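Heads up, the thing below is written out as structure tokens.
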Amino acid sequence: MAATIAPTTSSARPAGPRKLLQRLRSGDDAAYVVTLAAAVTVLVITALLIFELYKNSALPRQKFGWSFLTSSAWDPVAGEFGALPFIYGTVVTSALALLIAIPLGVGAAIFLAELAPPWISGVLTFLIELLAAVPSVIIGLLGIFVMIPILTSVAPSIQAALGWSPAFSGPFYGVSLFTAGVVLSVMIIPFIISISREVILTVPNDQREAALALGATRWETTWDAVVPFAKKGIAGSIFLALARALGETMAVTMVVGNDPKIHASLMAPGYSIAAVIANQFTEATGELYLSSLIELGLVLFGLTIVINGGARLLVMSTERGEG
Amino acid sequence: MRLLRRKIVNAVMLGLTALCALFAVGVLMFILGYLAVHGARSLNLNFFTKLPAPVGETGGGMANAILGSAKLLLLATAVGVPIGFLGGVFLAEFASSGFASVVRYVTDLLNGVPSIVMGIFAYTLVVLPQKHFSTLAGGLVLGIMMIPIAVRSSEEFLRGVPLALREGAMALGASKSRSIFTVVIPAAKNGIIAGIMLNIARVAGETAPLIFTAFGNQFWSPGWEQPTASLPVMIYNYAVAPYDDWHQQAWSAGFVLLMLVLSVNIITRVAFTTRGPALR
């Protein structure tokens, strides 16, 4: 039964279970199996994440069905749970943040990648990378104690000019969808800058040289020859920033006002999906309450995964030069 | 006239885009300056050595939160770095291109999952079965959040190693695994370590996933099975509380956290800057 002839060299491969053992001992296959296991772990974690979110949100799915997404009732005492006010707050604050961050972020990226002298670009890029590293809870801290007083002092003049529109009417208490949007824009600007800059840098030099040879100015070259080439990637960076804004928790939680109602005015307090999870998860009593919060997590996960997945494809297609 | 107009547009747009970049840098400077002024003011030795004072009493510190953060990061590194690094080795050295792009895509998606959702994941995985918050759950969630970036940065730096080095090792008779572990990885070492340092700095500021995993408390938290305070969660709790004294503590904690995160970033980016892929 026992193998009587021991292989003398590693190239002699005995058959059967010993073959596997022998091959593992040779190193290459062992390294392959170990690293493969690590890569597969990533896939397993992602699958498990989706499974856990789905499994633990079964209760509200059975009880409310799709109306969970369209109901604006959020009454833990009565056992009524609807996600609409949170979806509304998440979308409005993120849209506002993008409105502020896109021109600033793309403008800065163009400057850093195309127009600035290399040493200035190097220094500024380094500092903007640092801004991206600032933890969101610190942005939120400044949001509460700096941004709110500033906005409170300028709010009357904003409202004097724009108060006729429902979006800027009503009393302003400092915490609001507007405040959250402004704070959120600070979080995503460095993100847009660094990805857009990288995408613009991948544009082939032929584009620039051809435009400059035709007598275009630096700006015309940038705007007419470089940016159009990179536009898919820039769009990708914006979508990545949007995904990040939708999921951003702390900075929003600290300034949005935490009011689970839908107000048309940006000056009114609101709530976001991430904020309600952060605030109510530990105090959720009863299974339905907790699993409703988990279903909100599933909704947020779905939103960000769709936007992220699309954005990655956009960025990848530009970097491959299909622009 | 037309040429003049074009030149003016050129100059104006140069100025405008420069202003955009300066605005972003200005925000960073403002954050740094404001925290330095407000945070450093009340920072003293007590902050690093004392437990938080009960409401109404002045003084006290956040020694438990500092230790808690250190323990969470230690656990996160132990979970995230080996899996992430080995996954990166697989993508760079072993994977077939089809499977590699699937793993890469899923890794990027996992990286994009909001941190609060990661918190729910760790809650259902650890807190729910155990029925209590713990350092373990908090460290695990931070570790999982480290994996995607560890995979991608390790992979990029391994790919940056010139093919000639691999061929040299193989020509000398080394097996593939031997050339990877004795030639390729040592050549990419600096970049990989830098990536890990930045990764740790990134999760050090994570707050949302800790709120309902590590939770927080006002005491020392021995072992791994009890809830533990951490700097970011302390900053959050103290900032939204209605006490001026706590706000002051939040500024100090914010200053300490920001200094830690930024100094790791600056040191890493300056010391480990090598030819090769950009650090993220």
For chain B, give the magnitude of the charge dipole about the Cα centre (Cβ charges: +1 Lys/Arg, -1 Asp/Glu; no others), in debye to the nearest 20.
1180 debye
So for R0 = 41 Å, FRET eff. of residue B:8-residue A:313 from the Cβ-Cβ r, to 0.05, ends up at 0.55
Positive minus negative residues near residue B:55 (Lys, Arg vs Asp, Glu; Cβ under 15 Å)
-3
Using a simple spin-label model with points 7 Å from Cα along the Cα→Cβ vector, what separation in nm is obtained for residue B:171 and residue B:48?
5.3 nm
Stokes-Einstein D for the stretch A:242-309 (4 °C, 1.567 mPa s, Kirkwood Rh from Cα pairs), in µm²/s, comes to 102 µm²/s
Scan chain A and report its longest stretch carrying no chymotrypsin sites (Phe, Trp or Tyr not before Pro) that are both in a DSSP loop and have at most 16 other Cβ atoms within 10 Å.
A:174-323
Can you give me the long-range amide H partners of residue A:259? Hydrogens built in the peptide plane at 1.01 Å from N, cutoff under 5 Å, separation of 5 or more residues or another chain.
A:270, A:271
Pairs over 28 Å Cα to Cα, from B:50/B:189; A:261/B:131; A:231/B:7; A:231/A:261; A:232/B:176; A:55/A:232, come to B:50/B:189; A:261/B:131; A:231/A:261; A:232/B:176; A:55/A:232
Chain A: longest stretch without exposed GluC sites (Glu not before Pro) (DSSP loop, at most 14 other Cβ within 10 Å), sites themselves excluded?
A:1-282
So what are the ³J(HN,Hα) numbers for the stretch B:130-144, from phi and the Karplus equation (6.51, -1.76, 1.60; θ = phi - 60°), rounded to whole Hz, Gly and Pro as x?
7, 6, 7, 5, 7, 4, 4, 5, x, x, 5, 5, 5, x, 4
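For the protein assembly as shown, would you read off the P(r) tail past 39 Å as a percentage of all alpha carbon pairs?
34 percent
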What's the whole-number percent of alpha carbon pairs in chain A lying beyond 24 angstrom?
66 percent
When the helix-only estimate is applied to chain B (DSSP H runs of n ≥ 4, each -39,500 (n - 2.57), divided by the residue count), what is the mean residue ellipticity at 222 nm, nearest 500 deg cm²/dmol?
-23500 deg cm²/dmol
What size of dipole, in debye to the nearest 20, comes out for chain A about its Cα centre when the only charges are +1 on Lys and Arg C-beta atoms and -1 on Asp and Glu C-beta atoms?
900 debye
Estimated vicinal HN-Hα couplings, Hz - the stretch A:210-217 in sequence order (Karplus 6.51, -1.76, 1.60; Gly, Pro = x):
5, 5, 5, 5, 7, x, 6, 6
Inter-label distance for residue A:63 and residue B:132, nm, one decimal - labels placed 7 Å from Cα along Cα-to-Cβ:
2.9 nm
Rounded to whole Å and sorted largest first, list the principal axis extents of the Cα atoms in the stretch B:181-267.
57, 31, 20
Report, by chain and number, residues whose modeled amide H sits under 5 Å from the one on residue A:74, excluding near sequence neighbours (fewer than 5 apart, same chain).
A:82
P(r) histogram, all alpha-carbon pairs of the stretch A:184-294 included - 10 Å bins from 0, percent
13, 27, 22, 17, 13, 7, 2, 0
Tally Lys and Arg at +1 and Asp and Glu at -1 over the other residues with C-beta under 13 Å from the C-beta of residue B:110: what net charge comes out?
+2
Could you check how many percent of all C-alpha pairs in chain B are farther apart than 24 Å?
61 percent
Inter-chain shielding of B:253-260 (mean C-beta neighbours from other protein chains, 10 Å cut-off)
3
Per-residue HN-Hα couplings for the stretch A:158-174, Karplus 6.51 cos²θ - 1.76 cosθ + 1.60 at θ = phi - 60°, whole Hz, x for Gly and Pro?
4, 6, 5, 7, 10, x, 5, 8, x, 5, 10, 8, x, x, 10, 9, x
Between residue A:202 and residue B:57, what is the spin-label point distance in nm, taking each point 7 Å from the Cα along the Cα→C-beta axis?
5.8 nm
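A short reminder: the numbers here are calculations on the coordinates, not readings from a lab. If you're wondering where the values come from, they're calculated on a predicted model, not measured in any experiment. Positions of Cβ are backbone-derived with ideal geometry, glycine not excepted, and every protein chain shown enters the neighbour counts.
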